[in-house]
Amino acid sequence: MSSSSELGNLALPERIGRLPELACDLSWSWSCEAREVFRSLDYPLWKMTAHNPVQLLRMIAPEQVGRALNDPAFLAAYDAAIARMDGARTAPGSWWPSRFPELSGSQVAYFSAEFAIHQSLPIYAGGLGVLAGDHCKEASDLGIPLVGVGFMYPMGYFHQRVSAEGRQIEDYRRLNYDDVAVERALAPDGSPCRIQVPLGMNNLQVAVWRVRLGRVALILLDTDVPENATWDRELSSRLYVSEHEARLRQEIVLGVGGVRALRALGYQPAVWHLNEGHTSFVVLERIRELVEGGESFLAALDRVRSTTVFTTHTPVPAGHDAFPFYLLDNQLALFWQTAGARRNTFLALGSHDGDGNLFNMTVVAMRGSAAITAVSRRHQQVTRQMWASLWPDVPEDRRPISAYTNGVHVPTWIAPAMETLFERWLGADWRDRHDDPGLWERIPDIPDEELWAARQLLRQHMLDFVRERGRRGWTGENASPVQVLAAGALLDPASLTIGFARRFAEYKRPDLIFRDHERLARILNAPRRPVQIVLAGKAHPADEPGKRALQRVYTHAMDPRFGGRVAFVEDYDLHVAHLLVQGCDVWLNNPREPLEASGTSGMKASLNGVPHLSVADGWWWEGYTGSNGWVIETGQDGGEAAAAENLYRLIEERIAPAFYTRDEKGVPREWIRMAKEAIRTVAPRFSARRMVKQYAEEAYAPMAKRALMPAAVIPKSGA
Ligand SMILES: *Cc1c(COP(=O)(O)O)cnc(C)c1O
């Protein structure tokens, strides 16, 4: 049963009859008009459902609907939101159709193992998913006919709680599809789409779901189909299983199944974008299609290459999936049969560097793509060095890996209080022009008092949320009083607040700031300049070092020496991320270099006027200007001690003094100057708009144009 048809049966008065449609197109989530519609419909219910309008409409009382129907302000917001949704879907006059009118029929397929669109659709684990989600949202805004392909994980990612001993408790809840904005994808004949993927000696049945995001659709694969064996039904149930064979099977379903789902739904992508190596089986399936149709392997590889873009994200060799050949043989036996007995040739595509019996997913993607991109300039350098063996005779600076630095979707990540300021001081059309650095030159025009008032408000709003989470633990989950303190009960609404939230992995060093207890206690409890720290993040279920780091942090949060000024917020997700990046005063990032490929949470913070305090890694290596935040020097050896020492010194000597030095009006002028610089320098350059336009102009459009040429004149790629 699809949630939208279910909702479609909801008896709503004609005047507001398109509410279910609005709720089922997740483009509502980055429209202030649409959010206002649902918020004003029933505010307590809006909060209770964590901003899920599908659930809200299923639960709302008829009196509330009646009240809205008689409220002219509600009706005006409704009309505006519906008009915006219709506009978003047809995208008249948007960027891509105006820029490339000849490519109006060319589709782009974007494959990713996770997509973070909204907290109500828990099919993401972290930064990779946020990047994919932001890419799709921006493609919709720019009018790019893009279709995302991923997994419908019925169990999603886990919900996190932490025990009194600091151990992460992973709670998986089966998703109720009726509460989510997904619907069955329909084949051209109107029947629910179903495809088959050869896996081992069987053909696995895969159901296909669709999510609407304005102009963009997301196609999600689901193996939880009654005809499949129990173990196969579970295959797509959760993200990133760690067991090798199950993971390989997932990746075959995503790559091979994804291509088949697009074909079954009638898509004809001109360009195929692979987000990280989990998606590389797309290359194999597309070659197999062409070989089955009579082409030679090399001609097929060339055709596929010339229409494929690959984005790599992982700066450590061990982070790239590689499977032994025998595992592939087990899983791909049926696949080889339809691939013209090219088994050895296919396998050779994934082996490299003397590693004769391992099939490396990143190597396949690199050999199968004419455009390879890293996610920051620093990461470009690391990637060129790491994969030197693929281009043995090419000097480092000429190895064909571009840097398209990540960006974040501005309408998604901007706080309402900041939107109001931008509207007034940058102009009502600021959203349409937000990747133009010229627009942001007007940031200094914002009166310091107004920006400071917005910053204070956002901090308090965030702390209200943190306190309510703590209360929920206390009243509903048997949390101990100490756990309630660790959840942030003693946080102060006016203190300088440092935020740290991301996946808890060792290399991100979430506990670096706790290295010297005495020193940190002095900083936090300074009589006139108190400082507090809010942390959040999940460790991957199989990541024991990450879980131990979480446990250490949690123990610190309970330590009375820190005076209740350290809080750990449980169950980090998109919702919590919004509140933290918007509500903290400083955003901390201290990974071991050069392991942060890009990082994006600091971009989200900066565009809300929350300056970044980070080592010069990932995007900050190119984003730091000297006046838009701070760099934590790590010394010659990059060691912990030097990094911690420099972090403390920055807080003591620069950050706390700037925050607490106020003029007669109570405004910290120097602080506000820094906040404005953060917005001015980061918002245009590290926006998803800049990033997606770069992909479109330098990769999608040239590839799509070549695909339109008659076959005879297509030059060989790589020639
Ligand atoms: C932005 C975001 C991330 C990525 O954070 P990094 O600091 O870039 O690692 C992870 N999880 C969520 C929920 C996010 O919103």
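Read the figures in this text as sums done on the coordinates, not as results from a lab. As the structure is a computational prediction, the values presented were derived from the model and not from experiment. Every residue, glycine among them, receives a Cβ derived from its backbone with ideal geometry; neighbour counts consider all protein chains shown.
Quick one: angle between helix 127-142 and the longest Cα principal axis of the chain, in degrees between 0 and 90, rounded to 10, please. Once rounded, one gets 80 degrees. Computed from backbone phi with θ = phi - 60° and the Karplus coefficients 6.51, -1.76 and 1.60, the 3J(HN,Hα) list for the range 436-450 is 8, x, x, 4, 7, 5, 8, 3, x, 5, 5, x, 3, 4, 5 Hz; x is used for glycine and proline. In order along the range 505-520, phi translates into HN-Hα couplings of 10, 3, 5, 7, 6, x, 9, 4, 5, 9, 4, 10, 4, 4, 4, 5 Hz, rounded to whole numbers, per the Karplus curve 6.51 cos²θ - 1.76 cosθ + 1.60 with θ = phi - 60° and x for Gly and Pro. Its relative contact order, with pairs defined as Cα atoms under 8 Å and 6+ residues apart, puts the chain at 13 percent. Is the C-alpha gyration tensor of the range 497-554 telling us rounded, prolate or oblate? Criteria: a/c under 1.5 is rounded; beyond that, a/b larger than b/c is prolate, otherwise oblate. Because a/c hits 1.5 or more and a/b exceeds b/c, the range 497-554 counts as prolate. Here the sum of -39500 (n - 2.57) over DSSP H runs of 4 or more residues, divided by the residues of the chain, equals -12000 deg cm²/dmol at 222 nm, to the nearest 500. Per-residue Karplus couplings for the range 36-53, computed as 6.51 cos²θ - 1.76 cosθ + 1.60 with θ equal to phi - 60°, are listed in order as 5, 4, 6, 4, 6, 5, 6, 4, x, 5, 4, 6, 4, 8, 6, 6, 10, x Hz, Gly and Pro entered as x.
Pairs exceeding 23 Å between alpha-carbon atoms, taken from Lys137/Lys693; Lys508/Lys538; Lys508/Lys676; Lys538/Lys604; Lys508/Lys547; Lys604/Lys676: Lys508/Lys676. Would you mind checking the range 427-458 for residues with the amide N under 17 Å from a putative spin-label position 7 Å along Cα→C-beta of Glu664? Residues 449 qualify, since their backbone N sits under 17 Å from the label point.
Each Cα pair under 8 Å and six or more residues apart adds its separation to the average, and for the range 460-579 the resulting relative contact order is 33 percent. The value given for the range 166-308 is a Kirkwood hydrodynamic radius of 16.7 Å, derived from the mean inverse Cα-Cα separation. When +1 charges are put on Lys and Arg Cβ atoms and -1 charges on Asp and Glu Cβ atoms, the dipole computed for the chain relative to its Cα centre reaches about 320 debye. Placing +1 on each Lys and Arg Cβ and -1 on each Asp and Glu Cβ, with no other charges, gives the range 408-535 a dipole about its Cα centre of roughly 740 debye.
Compute the Cα gyration tensor for the range 471-612, then decide on rounded, prolate or oblate, letting a ≥ b ≥ c be the square roots of its eigenvalues: rounded whenever a/c is under 1.5, prolate when a/b is larger than b/c in the other cases, and oblate in all that remain. It comes out rounded by the Cα gyration axes.
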